[in-house]
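Working notes, beginning with the structure itself.
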Amino acid sequence: MIAAGKRMEPGEDRTPASGLGGMLEVHRAELLRFLCGRCGSMDEAQDVMQDLWIKVSGASTGPIGNPRAYLFRMANNIVLDRLRASRRAMRRERVWIEADGDGVALAPELRIDPAEPADEALSRRQEAEILQQAIARLPEGAAKALRMYRFEGMAQGEIAQILGISRSGVEKHLAVAMKHLRAVLANCGSFAAVPSHDHGADGGATPRMEQGR
Amino acid sequence: MNRDNEAELPEAMLAEAASWHVRSEDERPDAMDWDAFTDWLEADPRHRHAFDQMALTADAIDRHKTELGVADADEDDDVSPQRGRGALWRWGGLAIAASLAAIVAAPQFLVPAPAVYATQAGSSRIALADGSSVLLAPHSRLTVAGRAQDHMDITGGAIFDIRHDPSRTLTISAGGVSISDIGTRFDVQQQDEAVRVSIAEGRVRVSGQALAQPIALAAGSGLTFDANAGTAIVAPVKAADVGAWQDGRLSYDNAPLALVATDLRRYAGVRVNVPAPLRSRRFSGTLIVDDGEKALRDLVQLMDLRLGGHAGAWRLEQR
């Protein structure tokens, strides 16, 4: 007992975690705090943590330069995926209700292409037109940076080199573009039809304070 | 539900959200201060809505990437539709110049070094960070690069099983074409200037310099592209035949013999020379490749040809 104890470290008896999985344990508390702020509810934050854990343990990745940032980014992506999924579900539900009104109720799953009924294809085109006009109205630098970044897939560093400006200059251009385009989409109701991705009660932003008094 | 809330997000808050969003997408791992971002999120519950809207805006732009990108090129260069790519080309040239400069001046600006996977006689499965996977065929090579593993280059063959993610723009280059707008499962076979893309599930978009316009391929269809011959043929494929090489089967419908020979070399490890007059002869049928020589003999018999030469240097001959 004593002889064997000499090299025992706390936690040594645990299964050795793979690189990224180990880092997830190290940063669990910070990630959870981030997710709680990001999702607005502790419940959802914990769901996302679970997803993250599954992803991390299933992935065999190469060496990662900054595993902490990588985990935060992965976590943020999972939140965005959930947001997208809930918007898709809302849209389908709405289409379904509308179809029901005509007496031709058809569950979304039974459609030939549940992803895009004809009316959605139309609004897709409208969306494209709206964006195109908005991009044409952007300040020149912002439009250029946006095109290079979003359409031509260049890295922000590359764009800085090409435009001969600093990286923070590129960042500002891109932020200006995003802010403008968001405003245009918001004006035509792009975000209105879908509620936030809160689960359950509103005011989930302060999850720890419920009924505390 | 949150309509009022969202309509009234203050300008300053939206500007902050836009900056955070841009930084969260930056290719450098240390560009984003996640702790400061957490503080910002905690400071006001509306902050996360503002951020969500930025992300959804980015999704909307990406959704229309093709139309918006093309419309843009037309505006810049109104000579003729064919010359519409001029604008893109200009940028492309600059991008190359810039990345060369970056190597000398500021290597830290470059995205992480690409990962290169290469196979010898066997195939190999590659798992990507987002849960997607690639089964790389024998004698093939896959390069994975980009800030989100979103630039791949395939030489040889591979079955791609890609998780659809509208937030990123994954592009796979093969020979003279690039495959984008990707959802789910498809097979790519590239040899020199010839590329075949077959879709088992989902859809992809294939574009290239030699293609007048991008080609959308849905499940059950395939593209055979040959830059040298200047041909791009879209034809139905059986989902069960897509990537059947992994089960030791090669199925063809009206495929040129030159292409069949290429596959035999990759998948059966048998080299066979196809003389010019026979190269464009068509073969339809299935070859079992667990024994290379046998597949070759089957082909010869099915095509009513003769096998000349000797082991290691077989040659197809007219009977």
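The values are calculated or read from the model by the stated rules, or taken from the named source; none is laboratory data. Fair warning: this is a prediction, and the values are worked out from it, not measured in the lab. With ideal geometry, Cβ positions are generated from the backbone for all residues, glycine too; neighbour counts draw on all protein chains shown. Ligands, DNA and RNA are excluded from the accessible area calculation, which covers all protein heavy atoms including side chains. Shrake-Rupley method; radii C 1.70, N 1.55, O 1.52, S 1.80 Å.
So which of B:249, B:281, B:265 ends up being surrounded by 15 or more Cβ atoms within 10 Å (Cβ to Cβ) and more than 23 Å from residue B:123 (Cβ to Cβ)?
B:281
For the range B:224-246, enumerate the residues that are buried (at least 18 other Cβ atoms within 10 Å of the Cβ) and assigned to a loop (DSSP other than H, G, I, E, B).
The answer is B:227, B:237, B:242, B:243.
May I ask you to verify whether residue A:156 is facing another protein chain (nearest Cβ under 7 Å), at pLDDT 75 or above and more than 25 Å from the chain's Cα centre (by Cα)?
So residue A:156 fails the test.
If I filter the range B:231-251 for residues that are among the basic types (Lys, Arg) and within 19 Å of residue B:311 (Cβ to Cβ), do I get at least one hit?
Within the range B:231-251 (the criterion being among the basic types (Lys, Arg) and within 19 Å of residue B:311 (Cβ to Cβ)), the answer is no, since none of the residues qualifies.
Among the strands (runs of 3 or more DSSP E) confined wholly to the range B:146-218, which include 2 or more residues that are closer than 22 Å to residue A:78 by Cα and open to solvent by 30 Å² or more (accessible area, probe 1.4 Å)?
Those strands (runs of 3 or more DSSP E) span B:151-162, B:177-191.
Within the range B:176-199, identify whether any single residue is of a type in the set (Lys, Arg) and within 11 Å of another protein chain (Cβ to nearest Cβ), and answer yes or no.
no
Does the range B:288-319 hold any residues that are outside any helix (DSSP H, G or I) and among the charged types (D, E, K, R), and which are they?
B:290, B:291, B:304, B:306, B:315, B:317, B:319
Hey, among the residues in the range B:9-33 that are buried (at least 19 other Cβ atoms within 10 Å of the Cβ) and over 24 Å from residue A:135 (Cβ atoms), which one's farthest from the chain's Cα centre (by Cα)?
Per the stated criteria, the residue is B:32.
Only one of (1) buried (at least 19 other Cβ atoms within 10 Å of the Cβ); (2) over 30 Å from residue B:124 (Cα atoms); (3) among the aliphatic types (A, V, I, L, M) fails for residue B:295. Which number is that?
It fails just one condition, (2).
For residue B:118, all conditions in the list (1) surrounded by fewer than 16 Cβ atoms within 10 Å (Cβ to Cβ); (2) at pLDDT below 80; (3) among the hydrophobic types (A, V, I, L, M, F, W, C) hold save one; what is the number of the exception?
The one condition residue B:118 does not meet is (2).
Restricting to the range A:159-190, give me the number of residues that are more than 8 Å from chain B (Cβ to nearest Cβ), closer than 22 Å to residue B:53 by Cα, of a type outside the set (A, V, I, L, M, F, W, C) and not in a helix (DSSP H, G or I).
The total comes to 1.
Anything in the range A:130-144 that is polar (S, T, N, Q) and touching a helix residue (DSSP H, G or I) at 6+ places or on another chain (Cβ under 7 Å)? List them, or say none.
A:132
Taking helices (runs of 4 or more DSSP H) that fall entirely within the range B:1-89, which contain at least 2 residues that are modelled with pLDDT under 75 and either within 9 Å of chain A (Cβ to nearest Cβ) or farther than 22 Å from residue A:171 by Cβ (or both)?
Per the criteria, B:3-7, B:65-76.
When you go through B:203, B:279, B:306 one by one, which is the residue that is assigned by TED's automatic domain parsing to the domain that holds residue B:136 and free of Cβ contacts under 8 Å to residues at least 24 places away in the same chain?
B:203
How about the range B:121-134: which of its residues are part of a loop (DSSP other than H, G, I, E, B) and open to solvent by 30 Å² or more (accessible area, probe 1.4 Å)?
B:121, B:122, B:123, B:131, listed by residue number.
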